[in-house]
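Below is one structure, written out as structure tokens, with a few remarks after it.
The values are calculated or read from the model by the stated rules, or taken from the named source; none is laboratory data. Because the structure is a prediction, the values reported are computed rather than measured. Neighbour counts run over all protein chains shown; Cβ positions are idealised from the backbone, glycine included.
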Amino acid sequence: MSNFIISVTFLNGTFHGRCDGSSAEWPPSPMRLFQALVAVAGAKWRTDFPERVQAAFDWLACQSAPDIYAPNFRLGTPYQTSVPNNAMDIVGRAWSKGSTSKDAQVATHKAMKEIASTYLLGDDEQHWQTSDESSWKVSYVWKIDSVEKVKDHINVIKELASSLYEVGWGLDLVAGHASLEADSPSQANCWSPSNTAGTALRTPRPHAREALQQRHSRFLNRISGTTLIPVPPLSPLAYEVVQYRCTDDPATPTFAAFSFIETSGAKMCSFNLLSGMQVAGMLRHAASTVATNAGWPDETVNRLICGHGEPKEADKHEPVGRERFAYIPLPSLERRKTPDFNYVGMIRRALVYIPSGGRDVEVHSMRRLLSGMELIRKQDKKVEALITALPASDRMVGHYVPPKGASTWSTVTPVILPGRDDRKEKKTEKLLRKCIVQAGFPEHLANNALLDWRRVGYRPGTEHVKSYQGKVPKHLKKFPLYHVKITWRQANGRPLDVHGPIVLGGGRYYGIGLFAAEDLKK
């Protein structure tokens with residue numbers, strides 16, 4: 001398999017393209033690149049594209065959405081400038097009459113336009129103007145199975161790409177290049193199509209080239225005699241909106257948040273920090289009960305709710321991986337004479353989500369089914385609390401799933417390592433990075449993260465790791481526990497904001513190894 005790569009280098013290191021709603025677009029969408037290529041062909045052949053060129057465009061539009069490799073960026077401060085308002089006919093008419101009125105003044109017919117530049121950054125974010133041009137390159141990568149079958153199409157696109165002159169606004173001048181490569185580009189940030197919410201970018205559909213040519217033709221013929229025929233926007237059938245996510249920005253799975261209320265309904269119910277496993281167990285039992293009563297298939301309840309891949313009659317447990325519900329008790333983070341919400345208090349809330357993502361329907365159903373149910377203690381069937389759904393915007397939930405992300409996180413419950421470290425720092429570090437990968441984070445994020453660990457917590461109110469030795473499942477008791485602080489970083493060492501939730505190590509489906517954000521963005 002080969003990589004067909006179209007690269008554009010922004011000669012000024014800036015980009016001004018806007019997406020729907022006039023907000024800044026980054027990275028430049030595949031549809032924007034496609035339009036720029038069609039414009040190059042239009043400049044060469046006007047409206048009559050040769051058949052080989054039409055076929056090449058139609059082939060490119062039929063490909064899957066490409067990966068996009070783009071540099072870091074910074075949004076500039078918007079400013080307004082005065083621009084012509086396409087009203088020089090009024091000025092000319094006034095001049096022809098010898099008038100010196102306002103209509104004859106060019107300045108009268110100017111309009112204010114807001115400009116917000118996107119600055120492409122190199123390794124040093126503070127020195128955009130001295131960045132090397134290689135830092136201003138954006139590459140679009142398509143995977144090609146059989147190059148020989150589409151060689152003619154690729155050669156046409158290569159020829160057009162070498163003539164690219166702008167992508168975005170008229171001032172976004174570029175130099176283009178296309179090639180077949182065995183490896184992907186080495187740029188730091190890769191944006192890939194995602195099944196979860198991310199950055200919405202337009203990608204061409206099979207008839208995109210034809211739709212663009214038709215719209216251009218309508219623009220050329222918009223004046224018929226004395227009649228102006230408005231040109232409609234590009235048809236939505238010409239493009240598809242695809243959600244993209246940067247590999248340095250793991251998707252936040254859909255979650256359901258709950259609070260625990262006393263049976264009297266008078267106030268919130270509190271559980272000791274060390275009883276988190278029991279709370280998670282009661283929550284799982286409640287989830288299993290309501291799902292069964294709602295008619296969920298036994299296999300779905302067994303795998304998705306309870307995390308058992310084996311049949312009920314089997315003796316040996318078979319794990320199901322990340323595609324199962326996690327039940328995460330959330331300790332309250334309180335002031336308690338600390339300047340910020342940093343003191344780890346009692347458990348009053350919980351998150352329920354599927355770490356692998358992509359099962360939004362089941363999560364939303366569980367939120368609806370669990371709300372109003374009872375939290376029942378297994379030993380004596382005592383009702384401990386009532387479960388009530390919380391909005392995702394709940395302030396306390398925001399410490400664990402911050403909307404704007406955070407780069408520094410620390411544990412409220414310790415991480416159980418996936419092996420023995422023999423009290424050797426290098427081994428501990430290796431196992432912690434393994435925990436990060438096992439939790440679904442990209443390996444390069446695990447390698448770039450700055451780690452610190454110890455046996456006492458980083459927040460007041462946390463329990464020493466020894467307090468958990470009798471509280472964890474039997475099969476995990478032989479492994480060491482540590483409180484951990486993580487600072488997420490990009491490859492160049494700059495802080496990277498991650499959204500959470502973050503739960504690492506053994507017992508992570510029940511809230512052991514839970515992290516809270518330390519540097520919440522206001």
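Overview of results
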item	result
Residue tally, condition buried (at least 17 other Cβ atoms within 10 Å of the Cβ) and either outside the structural domain of residue 366 (by the TED database) or part of a loop (DSSP other than H, G, I, E, B) (or both), over segment 295-305	1
Subset of segment 343-393 that is within 13 Å of residue 259 (Cα to Cα) and β-branched (Val, Ile, Thr) - its residue that is nearest to the chain's Cα centre (by Cα)	352
Residue list for segment 473-515, restricted to those being in a loop (DSSP other than H, G, I, E, B) and farther than 19 Å from residue 400 by Cα	473, 477, 478, 479, 480, 490, 491, 492, 493, 494
Number of positions in segment 1-23 that are under 23 Å from residue 240 (Cβ atoms), in a strand (DSSP E or B) and out of contact with any Gly (no Cβ under 8 Å at 6 or more places or on another chain)	4
Some residue of segment 267-289 being part of a strand (DSSP E or B) and surrounded by 16 or more Cβ atoms within 10 Å (Cβ to Cβ)	yes
Answer residue from segment 190-219, given it is in contact (Cβ under 8 Å) with a residue 60 or more places away in the chain, part of a helix (DSSP H, G or I) and among the hydrophobic types (A, V, I, L, M, F, W, C) and is farthest from residue 58 (Cα to Cα) among those	212
Among (1) outside any helix (DSSP H, G or I); (2) under 21 Å from the mean Cα position of the chain (by Cα); (3) hydrophobic (A, V, I, L, M, F, W, C), the one test that residue 456 misses	(2)
Those residues of segment 148-206 which are hydroxyl-bearing (Ser, Thr, Tyr) and more than 30 Å from residue 499 (Cα to Cα), in sequence order	162, 163, 165, 179
Residues of segment 433-444 that turn out to be part of a helix (DSSP H, G or I) and touching a helix residue (DSSP H, G or I) at 6+ places or on another chain (Cβ under 7 Å), as a count	4
Residue count for segment 37-49, restricted to those that are modelled with pLDDT of 95 or more and either farther than 15 Å from residue 215 by Cβ or part of a loop (DSSP other than H, G, I, E, B) (or both)	2
Residues (among the charged types (D, E, K, R) and either modelled with pLDDT under 95 or farther than 30 Å from residue 206 by Cβ (or both)) located in segment 53-101	67, 74, 89, 93, 97
All positions within segment 214-233 that are among the hydrophobic types (A, V, I, L, M, F, W, C) and under 21 Å from residue 46 (Cα atoms)	219, 220, 223, 231
Some residue of segment 361-371 being under 20 Å from residue 409 (Cα atoms), out of contact with any Gly (no Cβ under 7 Å at 6 or more places or on another chain) and at pLDDT 95 or above	no
Selection from segment 437-456 of residues that are modelled with pLDDT of 95 or more and buried (at least 18 other Cβ atoms within 10 Å of the Cβ)	453
Meets criteria (more than 30 Å from residue 350 (Cβ to Cβ), exposed (fewer than 15 other Cβ atoms within 10 Å of the Cβ) and within 27 Å of the chain's Cα centre (by Cα)) for residue 236	yes
Selection status of residue 283, closer than 16 Å to residue 362 by Cβ and touching a residue at least 24 places away in the same chain (Cβ under 8 Å)	yes
Condition met for residue 20 (among the charged types (D, E, K, R), at pLDDT 85 or above and within 24 Å of the chain's Cα centre (by Cα))	no
Selection within segment 151-164 - over 10 Å from residue 179 (Cα atoms) and surrounded by 16 or more Cβ atoms within 10 Å (Cβ to Cβ)	153, 156, 160, 164
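A quick yes/no check of all residues on (1) modelled with pLDDT of 95 or more; (2) in contact with a helix residue (DSSP H, G or I) (Cβ under 9 Å, 6 or more places away or on another chain); (3) surrounded by fewer than 17 Cβ atoms within 10 Å (Cβ to Cβ); (4) of a type outside the set (Val, Ile, Thr):
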| position | (1), (2), (3), (4) |
| --- | --- |
| 461 | no, yes, no, yes |
| 478 | no, no, yes, yes |
| 482 | yes, yes, no, yes |
| 485 | yes, no, no, yes |
| 489 | no, yes, no, yes |
| 493 | no, yes, yes, yes |
| 516 | yes, yes, no, yes |
| 520 | no, yes, yes, yes |
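Residues are listed down the side, and each one gets a yes or a no for (1) under 21 Å from residue 440 (Cβ atoms); (2) among the charged types (D, E, K, R); (3) in contact (Cβ under 8 Å) with a residue 24 or more places away in the chain; (4) not assigned by the TED database to the domain that holds residue 279:
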| position | (1), (2), (3), (4) |
| --- | --- |
| 336 | no, yes, yes, no |
| 342 | no, no, yes, no |
| 348 | no, yes, yes, no |
| 355 | yes, no, yes, no |
| 370 | no, no, yes, no |
